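Please read the structure below before turning to the comments.
The values are calculated or read from the model by the stated rules, or taken from the named source; none is laboratory data. As the structure is a computational prediction, the values presented were derived from the model and not from experiment. So basically every Cβ, Gly included, is an ideal-geometry build from the backbone, and we count neighbours across all protein chains shown. Heavy atoms of the whole protein, side chains included, go into the accessibility calculation; ligands, DNA and RNA do not. Shrake-Rupley method; radii C 1.70, N 1.55, O 1.52, S 1.80 Å.
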Amino acid sequence: MSDLATAIPTRPPAAELLDKKMKKSHAMISTGVVLVALVVGLGFIAFHLISDLSGAQAGSVWAYSLLAIALLIALGFEFVNGFHDTANAVATVIYTHSLEPNIAVVWSGMCNLAGVLVSNGAVAFTVITLLPVELILQVSSGAGFAMVFALLIAAIIWNLGTWWFGLPASSSHTMVGSIIGVGLANQLMHGHDGTSGIDVDQVTKVFKVLLISPLVGFGAAFLLFILSKWLIKYPALYEAPKDSSPPPWPIRALLIVTCTGVSYFHGSNDGQKGMGLIMLILIGTVPTAYALNHAVTGNDVQQFIVASDTAGKILDAHVDNNGLLGADPRTEVTDYIRTKQLQSDTVLALRELVEDTNHEVALYKELKAVPPKDQTNVRNDMYVTSEAIRIMQKSGKPTFTAAENAGLSAYKAKVDKSTKFIPTWVKVAVALALGMGTMVGWKRIVVTVGEKIGKEHLTYAQGASAELVAMCTIFAADNFGLPVSTTHVLSSGIAGTMAANHSGLQWSTIRNILAAWVFTLPAAAMLSGSLFWAFSQMTH
């Protein structure tokens, strides 16, 4: 019996098979494609960035140096994000040998690029609303840059650490933890001055999504796998890869389609997380080019004026006659955003802010015609107006009718078009950073997903089920403008299929993933809070 057992060939470890595949001739082709994409992408970015800066008011050498450093760190975060989340998108298609590793990574990068380019920025600006409002309004100050640098560096450090141990940790979770750390540190450092911390309501909403998504991934993948075994009688679908040969073509096509879907929706959701911070960097360093959306046309401005008149009349009907307008309406409205407490002068101040912004925009006819010295002020007025309307509509105080809510929403949409925009070159830069990160760090995550979650090797059906669930979950989150973790959904989906197949779970790996999930938020918060304090001391 012992001789017979030793005669049975064993499957080589995934890492060994992947190393052999990387040495094949396909690497030359995919490397060439990557180099061409990199050169074209960098050329596109440089051309548009230079064009934007040349049309802006000349800044200091220090401002441009700060811009370069901040952009490198922000894109570094997206590069490390590629280690984790994008690597999950290619894990099953590589592990099952449906595509060669080099080809899979290039294809995934292209799909990520497509997803990033069509994204509307909703997720990016949802992340931004988690930050203390005064730091957003003063992003060009020392405290603003301390915030951005602390967030990004803390996220990079934690993501690199978890990647090193091959843990599918979540960049979304890390970013939320970093934001909480900065907010709490900001409040502890300046609480006596009325400085705000985190937006608890927004953080709670985002955190609920991050908490529920792994459970959705596990349960939905469990049910989908059971359903497929019941409906699809194709034995090869439920086998694990036996060697480095690709699966039968129907299975191969299915896995490529699911990889494509996950990559595309990953780009449309996860790719946005760094975009909002990059926009804060651009607004802080080159406000004359990026504080306002210069692509807004004269016709858009006319529509904005009409919507402003409507919004002013709606707010006027809800003004508290006991309220007395302070010296600065923006300060009053900012206090409302920070405290969520409606005061007797809040609606009055908001109405004045709407009317003042309307008059200023109408005076210049186009946003790009607003004088450079006023661009940041106009943007900040628009930002706090939009946020105040969002909070009022959500809280139901004051009580607006359905028609009034529709009028305010139409006005808010016009305001957001002027301030919440992402240039195409930023999207291209983020997509390139994600793709490059995936190429460097995919193998550790692929091996973990394929062999270290279940006690048995991943089957084709399990990989397809987990990726279909991940694809649909990210698509749903996109529609609600919420960040979701590709890593958590996919790895929990793999675990769900292992449980459904009675394959058993490697609890050491599960414990490590759960530990990373539990400790990511406090660890990232402590890191970013400490860095924010240190950077704030340096900028005094």
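General observations
- Taking Lys and Arg as +1 and Asp and Glu as -1, the other residues whose beta-carbon sits under 15 Å from that of Asp416 total +3.
- FRET E, pair Phe47, Lys397, Förster distance 60 Å, beta-carbon r, rounded to 0.05: 0.80
- In order through segment 399-404: 3J(HN,Hα) via Karplus (6.51 cos²θ - 1.76 cosθ + 1.60), integer Hz, x for Gly, Pro: 7, 9, 6, 4, 5, 5
- Placing a pseudo-label 7 Å from each Cα along the Cα-to-Cβ vector at Ile232 and Trp507 gives an inter-label distance of 3.2 nm.
- Under-5 Å amide H pairs with Leu505, H placed in peptide plane, nonlocal only: Lys455
- Euclidean distance between Cα centres, segment 101-166 to segment 355-407, Å: 27 Å
- Within the accessible surface of the chain, defined with a 1.4 Å probe on protein heavy atoms only, the carbon and sulfur portion equals 67 percent.
- The packing ranking, built from the mean of other Cβ atoms within 10 Å per residue, places the peptides 119-129, 497-507, 229-239 in the order 119-129, 497-507, 229-239, highest first.
- Altogether, the Stokes-Einstein calculation at 10 °C and 1.306 mPa s, with the Kirkwood radius of segment 64-157 over Cα pairs as Rh, returns a diffusion coefficient of 102 µm²/s.
- Label zone at Asp316, where the point sits 7 Å out along the Cα-to-Cβ direction: segment 330-356 residues whose backbone N lies under 12 Å: 351-352, 355
- From phi via Karplus (6.51, -1.76, 1.60), per-residue ³J(HN,Hα) for segment 414-420 in Hz, x at Gly/Pro: 5, 5, 4, 4, 7, 10, 9
- The alpha-carbon atoms of the chain, seen along their principal axes, cover 93, 46, 45 angstrom, with the largest extent given first.
- FRET E, pair Leu342, Leu35, Förster distance 51 Å, beta-carbon r, rounded to 0.05: 0.35
- Ordering of 307-317, 359-369 by packing is 307-317, 359-369, highest average first (other Cβ atoms within 10 Å, averaged per residue).
- Vicinal HN-Hα couplings computed from phi for segment 127-144 (Karplus, 6.51 cos²θ - 1.76 cosθ + 1.60; Hz; Gly/Pro x): 4, 4, 5, 6, 7, x, 4, 5, 6, 5, 6, 10, 5, 7, 8, x, 5, x
- The gain in end-to-end length when the Ser244 to Val200 segment is fully stretched comes to 10.9 nm, 0.36 nm per residue minus the alpha carbon separation.
- Solvent-accessible area per residue for the chain (1.4 angstrom probe, square angstrom): 41 Å²
- Panel values: segment 328-446, Kirkwood radius from alpha carbon pairs, Stokes-Einstein at 4 °C and 1.567 mPa s, translational diffusion coefficient 77 µm²/s.
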